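Take a look at the structure set out below.
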Amino acid sequence: MTSHVLVLNTGSSSLKYRLLDPGSGETAAAGLAERIGDRSGVGVLTHTDAAGERHRSELDLPSHEAALSAALAAFDEHGPALTTSSVRAVGHRVVHGGDRFSAPALVDDALIAAVEELVPLAPLHNPANLAGLRVARRLFPEVRHVAVFDTAFHQTIPEHAYTYAVPIAWREEHGIRRYGFHGTSHRFVSERAAQLLGRPVGEVNTIVLHLGNGASATAVAGGASVETSMGVTPLEGLVMGTRSGDVDPSLHAHLHRQLGWSLEEIDGHLNRDSGLKGLTGQGDFRELEARMAAGDPAAQLAFAVCCHRLRKYVGAYYAVLGRVDAIAFTGGVGENSAVLRAAALAGLERLGIAVDAAANDAPSREARRISPADGEVAVLVVPTDEEWQIAREAQALLDG
């Protein structure tokens, strides 16, 4: 019987789950519970079975426990029943592990206490992750639970790269440093990139561009993260759907003085009202492309801003790595936007970076090379699979 891992990704008002074989990545079932705790009393659960058939239901989801219980009921009704699926472990995505977790860890009371202590570093994410950990342990008391941290992959970044030039008390007493996020995706994609090149991951230097509603760049040297664009929080770095990415650190003080806004208001605007949304009024990249093609000046400017920021990070990470073997695009935007991939790397031919137009424009959902076969730097499109990576890491931990 196949041994499965149930992967849970718990958000503040959502619960994403996937039951899969960690060896092959084959999915037995997956689903999404949305509008948890909605005041209307109407949540939505969509369960997709092994045949790909979707089963959607509206029901009251007042809590994460209710949502996970509804998901278990969907497994019973639409299959596969978890009691017969040989669930070896439950793998949990946890956003912030600070500098305490550089690898997956078994979930116990001490780990939950540590994740709770890290809430000030991720007040929007860790509380939801904690809810998932606690609820799942109650509902699956006989199964081992493994936490996989978004920040763990970046714990190999050298001290001189993760240290901010701020007072020592901030760093030592409050943990102010670069942590980075999307680590599970960056690890998966960098390893897959090495496979595509037919080389051991330890020999390959890769710049991974994870581009979606959230976006980050990472320089990976021989399988280890050595620099990444996100910082203490996921706000720093690239232009995102609703997040600004890099801004002048004094912007908060300036807006407070000029407009009287509180720090909370400014932080909210930079996280929820900026990025593509701030530049164009909406944060969907597909809509941006359509408006840009129609000649919308705001969309064209937003696209140029995104590409400029990407190109700047690619150049910086080329300098950090010294030698680049591959640039890998991933995430919803990175995997699907040929026009962004081409524009972001335009003008970098002197660095050995070029995109083959025909290969780039050809529609495909497979991992592939989109640069000339004889290009010095391989430009790749690599679909990410964070749930599979979490399952693989959970299994590796249990196998010891």
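Given the options Ala342, Ala373, name the one that is in a loop (DSSP other than H, G, I, E, B), in the same structural domain as Leu276 (by TED's automatic domain parsing) and aliphatic (A, V, I, L, M).
Ala373
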Exercise. Applying the selection to the stretch 316-347, what residues are among the small types (Gly, Ala, Ser) and crowded, with 21+ Cβ neighbours inside 10 Å?
Worked result: Ala326, Ala328, Gly331, Gly334, Ser337, Ala344
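With touching a His at 6+ places or on another chain (Cβ under 9 Å), buried (at least 18 other Cβ atoms within 10 Å of the Cβ), at pLDDT 95 or above and outside the structural domain of Gly278 (by TED's automatic domain parsing) as the only criterion, which of Ser185, Ser244 stands out? Write out each step before concluding.
Numbers: Ser244 fails: outside the structural domain of Gly278 (by TED's automatic domain parsing).
The match here is Ser185.
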For this session: Could you list, in sequence order, all residues of the stretch 74-86 that are within 15 Å of Arg18 (Cβ to Cβ), part of a helix (DSSP H, G or I) and either touching a residue at least 60 places away in the same chain (Cβ under 8 Å) or out of contact with any helix residue (DSSP H, G or I) (no Cβ under 8 Å at 6 or more places or on another chain) (or both)?
Result: Ala74, His78, Leu82
Exercise. In this structure, does Arg178 turn out to be surrounded by 22 or more Cβ atoms within 10 Å (Cβ to Cβ), among the basic types (Lys, Arg) and at negative phi?
Worked result: no
Exercise. Going through the stretch 252-281 one residue at a time, which ones are surrounded by 15 or more Cβ atoms within 10 Å (Cβ to Cβ) and outside any helix (DSSP H, G or I)?
Worked result: Trp261, Ser274
Exercise. For Ala302, are the conditions met, namely being surrounded by 18 or more Cβ atoms within 10 Å (Cβ to Cβ) and within 30 Å of His256 (Cβ to Cβ)?
Worked result: yes
Exercise. In the stretch 114-135, is there at least one residue being among the acidic types (Asp, Glu) and either surrounded by fewer than 16 Cβ atoms within 10 Å (Cβ to Cβ) or assigned by TED's automatic domain parsing to the domain that holds Gly241 (or both)?
Worked result: yes
Exercise. For the stretch 145-166, does any single residue satisfy the condition of being touching a residue at least 12 places away in the same chain (Cβ under 8 Å), over 19 Å from the mean Cα position of the chain (by Cα) and in the same structural domain as Gly11 (by TED's automatic domain parsing)?
Worked result: yes
For this session: Pairs only if they're at least six apart or on different chains, beta carbon under 7 angstrom, first in the stretch 116-136 and within 16 Å of Gly37 (Cα to Cα) and in contact (Cβ under 8 Å) with a residue 60 or more places away in the chain, second hydrophobic (A, V, I, L, M, F, W, C) and in a helix (DSSP H, G or I); list them, first residue then second.
Result: Pro127/Val119; Asn129/Val115; Val135/Leu68
For this session: Check off (1) in contact with a Ser or Thr (Cβ under 8 Å, 6 or more places away or on another chain); (2) surrounded by 21 or more Cβ atoms within 10 Å (Cβ to Cβ); (3) of a type outside the set (Asp, Glu); (4) farther than 24 Å from Asn271 by Cβ for Ile370 and give me the number that stays unchecked.
Result: (1)
Problem set entry | Ile353, sole failed condition from (1) touching a strand residue (DSSP E or B) at 6+ places or on another chain (Cβ under 7 Å); (2) in a helix (DSSP H, G or I); (3) surrounded by 22 or more Cβ atoms within 10 Å (Cβ to Cβ) | (2)
Seminar exercise, completed: Being in contact (Cβ under 8 Å) with a residue 24 or more places away in the chain and within 24 Å of the chain's Cα centre (by Cα) narrows Ala66, Ala71, Ala50 down to just Ala71
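So if I check each of Ala147, Ala165, which one is exposed (fewer than 15 other Cβ atoms within 10 Å of the Cβ) and either on the phi < 0 side of the Ramachandran plot or not in a loop (DSSP other than H, G, I, E, B) (or both)?
Working: Ala147 fails: exposed (fewer than 15 other Cβ atoms within 10 Å of the Cβ).
Checking each option against the conditions leaves just Ala165.
The values are calculated or read from the model by the stated rules, or taken from the named source; none is laboratory data. Keep in mind that this is a model prediction, so the values were computed, not measured. Glycine also receives a Cβ, built like all others from the backbone with ideal geometry; neighbour counts cover every protein chain displayed.
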